[in-house]
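S.K.: Structure in structure tokens, see below.
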Amino acid sequence: MRVVIMVLLSLILASCGGKDGDPATAGTVDMQKIYKWKLVTTWPKNYPGLGTAPENFAKKVEAMSGGRIQIKVFGAGQLVPAFEVFDAVSQGTAEIGHGAAYYWTGKSKATGFFTSVPFGLNAQEMNGWLHYGGGLELWRELYSPFNLIPFAGGSTGVQMAGWFNREINSMEDIKGLKMRIPGLGGDVITRAGGVSVTIPGGELYTSMQTGVIDATEWVGPYNDLAFGFHQVAKYYYYPGWHEPGSILELIVNKNAYTSLPADLQAIVEGAARAVNQDMLDEYTARNNSALVELVETHSVDVRKLPDDVIAELRRLSAEVLDELGQDSEISGRIAESVKAFKKQAMEYHAISEEAYYKARKEQ
Ligand code: CA
């Protein structure tokens with residue numbers, strides 16, 4: 001067996017071209033060719049975490065490729081408006097984009113599954129589902145008709161329920177509430193009698209200040225402090241039932257990706273994976289100190305949503321998910337996949353993560 005492998009290896013090396021047989025200079029790959037890509041985002045340029053992730057991605061790809069891919073990053077509105085990122089990359093105006101899948105429910109309702117599902121998977125579970133539970137394959141199937149290849153491009157962890165200028169004491173308080181909350185969470189708020197709207201992050205402060213909306217969810221302490229929402233809202237509610245483990249996306253134009261040689265494709269994939277984990281690491285470190293600053297420096301009134309409100313939102317979320325699962329054939333398969341993964345994750349995490357959090361608290 002070992003002999004066969006050695007022979008095969010030497011054949012592979014010999015076939016790799018290069019006068020000296022060095023695979024690094026081999027084959028038909030033009031090592032001098034420079035790929036210049038444009039990356040468009042739904043975030044303000046260099047916005048903490050969400051906006052710095054695509055900048056980090058671009059730097060990593062350029063360094064790892066020895067300058068063979070050079071990526072220029074555009075913030076929201078610099079090349080295209082925030083909510084035109086999907087179309088811009090789909091059509092090839094830009095080769096790559098960074099945003100969140102649930103901004104594109106107008107293209108396909110099932111995109112909502114790939115940012116976060118209300119009462120669904122947390123960040124750790126979401127990454128497990130995507131990379132080892134069949135999630136990424138489903139995501140790629142969903143985006144394929146749009147000429148796009150999605151990659152996980154960051155993770156925020158459990159978010160906060162949001163900033164409210166109205167106390168939430170019962171479900172009655174959600175009736176007529178005008179709230180910025182995209183994706184499936186927005187569908188749940190609508191079902192509860194509220195009015196959900198989707199507005200890009202960069203416009204939220206003014207929308208709250210001028211009373212266009214009564215409430216907004218955004219991310220968590222680190223990002224919310226950066227936008228200054230404590231200056232325009234009275235109450236900061238938790239937990240983020242609607243986004244328990246949000247994944248950001250890097251979307252690559254299929255033609256641009258397939259035109260890359262295999263080594264550069266591997267670099268794009270590896271850099272995306274690195275940036276995806278890096279964002280979660282950053283949020284895990286920075287949310288803590290940002291919460292302290294919000295409470296101690298800015299006297300923010302942090303409140304927990306009442307248990308009966310959470311229970312009702314959970315019931316409505318199940319209805320929304322059931323209906324979404326019946327929306328199309330692929331939506332049904334995605335819903336089944338998420339549901340099965342969540343069931344198993346909940347069983348194991350009850351005796352691991354959850355039990356440990358409890359044990360740690362009691363010590
Ligand atoms: Ca959010």
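S.K.: Classify region 282-324: rounded, prolate or oblate, from the alpha-carbon gyration tensor (a ≥ b ≥ c, eigenvalue square roots; a/c under 1.5 rounded; otherwise prolate if a/b is larger than b/c)? Each step should come with its number before you reach the end.
M.R.: On the way: a/c = 4.90, a/b = 2.04, b/c = 2.40.
Verdict is oblate for region 282-324.
S.K.: In whole Hz and in residue order, list the ³J(HN,Hα) couplings for region 33-46 that follow from phi through the Karplus curve 6.51 cos²θ - 1.76 cosθ + 1.60, θ = phi - 60°; x for Gly and Pro.
M.R.: Per residue, the Karplus-derived 3J(HN,Hα) values read 5, 9, 9, 9, 10, 10, 10, 9, 10, 8, 10, x, 3, 6 Hz.
S.K.: Please compute the length gained on full extension between THR284 and SER144, using 0.36 nm multiplied by the number of residues separating them and subtracting their Cα-Cα distance.
M.R.: On the way: separation 140, 0.36 × 140 = 50.40 nm, distance 3.25 nm.
Separation in residues times 0.36 nm, less the Cα-Cα distance, equals 47.1 nm.
S.K.: Top to bottom by accessible area (1.4 Å), largest first, where do SER144, SER331 land?
M.R.: Numbers: SER144 45, SER331 0 Å².
Greatest to least solvent exposure: SER144, SER331.
S.K.: Oh, and also: With contacts defined as alpha carbon pairs under 8 Å and 6 or more residues apart, what's the relative contact order of region 245-363 in percent? Don't skip to the answer; put the middle values down first.
M.R.: Details: 20 pairs, mean separation 10.0, N = 119.
Relative contact order for region 245-363 comes out at 8 percent.
S.K.: Mark the label point 7 Å from the Cα of GLU137 along Cα→Cβ and return the residues of region 309-337 whose backbone N is within less than 15 Å of it.
M.R.: Residues 333-337 qualify, since their backbone N sits under 15 Å from the label point.
S.K.: To the nearest 20 debye, what charge dipole does region 211-363 have about its Cα centre, counting +1 at the Cβ of each Lys and Arg and -1 at the Cβ of each Asp and Glu?
M.R.: Working: 15 positive and 26 negative charges, 50 e Å.
So the magnitude is around 240 debye.
S.K.: Right, another one. Heavy-atom accessible area per residue, region 19-112, 1.4 Å probe: how many Å²? Mind dumping the intermediate values first?
M.R.: Values: 4260 Å² over 94 residues.
Roughly 45 Å² per residue, with all protein chains present.
S.K.: What does the accessible area per residue of region 239-332 come to in Å², with a 1.4 Å probe and no ligands, DNA or RNA counted? Could you put the intermediate results ahead of the total?
M.R.: Details: 4300 Å² over 94 residues.
Accessible surface, normalised per residue, equals 46 Å².
S.K.: If you don't mind, another one. If I stretch the segment between LYS36 and GLN78 completely, what's the gain in nm (0.36 nm per residue apart, minus their alpha carbon distance), one decimal? Don't skip to the answer; put the middle values down first.
M.R.: Values: separation 42, 0.36 × 42 = 15.12 nm, distance 1.74 nm.
Between LYS36 and GLN78, full extension yields 13.4 nm more.
S.K.: Considering only DSSP beta bridges where both residues belong to the chain, give the percentage that are antiparallel (nearest 5).
M.R.: 45
S.K.: A further question follows. Size of the dipole of the chain about the Cα centre, Lys and Arg at +1 and Asp and Glu at -1 on the beta carbon, nothing else charged, in debye to 20? List each step's numbers first, then the result.
M.R.: Working: 33 positive and 42 negative charges, 132 e Å.
The calculation lands at about 640 debye.
S.K.: Before I look further, what does region 144-227 give for accessible area per residue, probe 1.4 Å, in whole square angstrom? Kindly include the intermediate steps, with their values, before the conclusion.
M.R.: Details: 2700 Å² over 84 residues.
It amounts to 32 Å² per residue over region 144-227.
S.K.: Same structure again: So if each residue of separation counts as 0.36 nm, and I subtract the Cα-Cα distance between LYS361 and GLU269, what length gain in nm does that give? List each step's numbers first, then the result.
M.R.: On the way: separation 92, 0.36 × 92 = 33.12 nm, distance 3.86 nm.
Stretched fully, the LYS361-GLU269 segment lengthens by 29.3 nm.
S.K.: Let me ask you something else. Quick one: among TYR205, TYR132, TYR238, which has the greatest mean-square fluctuation in a GNM of the chain with alpha-carbon springs under 10 angstrom?
M.R.: Looking only at TYR205, TYR132, TYR238, the largest GNM fluctuation is found for TYR132.
S.K.: LYS72: which aspartates and glutamates have alpha carbons under 13 Å from its alpha carbon, excluding same-chain residues fewer than 8 sequence positions away?
M.R.: Answer for LYS72, where 13 Å is the Cα cut-off: GLU55, GLU62, GLU95, listed by chain and number.
S.K.: With all protein chains present, how much of the accessible area of the chain (probe radius 1.4 Å) comes from carbon and sulfur, to the nearest whole percent? Kindly include the intermediate steps, with their values, before the conclusion.
M.R.: Values: 9180 of 16980 Å².
For the chain, the apolar C and S fraction of the accessible surface comes to 54 percent.
S.K.: If you don't mind, there's one more thing I want to ask. Using Cα pairs under 8 angstrom and six or more residues apart, how large is the relative contact order of the chain, in percent? Each step should come with its number before you reach the end.
M.R.: Details: 610 pairs, mean separation 75.8, N = 363.
Relative contact order for the chain comes out at 21 percent.
S.K.: Ok, one more. Run the 1.4 Å probe and let me know the accessible area of PHE114, rounded to the nearest 10 Å².
M.R.: Near enough 0 Å² of accessible area.
S.K.: Oh, and also: Place +1 on the Cβ of every Lys and Arg and -1 on the Cβ of every Asp and Glu in the chain, take the dipole about the Cα centre, and give the residue among SER116, LEU136, LEU39 whose Cα lies farthest towards its positive end.
M.R.: Farthest towards the positive end: LEU39.
The values are calculated or read from the model by the stated rules, or taken from the named source; none is laboratory data. The shown structure was predicted, so the numbers you read here are calculated from the model rather than taken from an experiment. A quick note on method: Cβ atoms are made from the backbone with ideal geometry, for glycine too, and the neighbour counts reach across all protein chains shown. Keep in mind that these areas ignore ligands, DNA and RNA; they rest on the heavy atoms of the full protein, side chains included. Shrake-Rupley method; radii C 1.70, N 1.55, O 1.52, S 1.80 Å.
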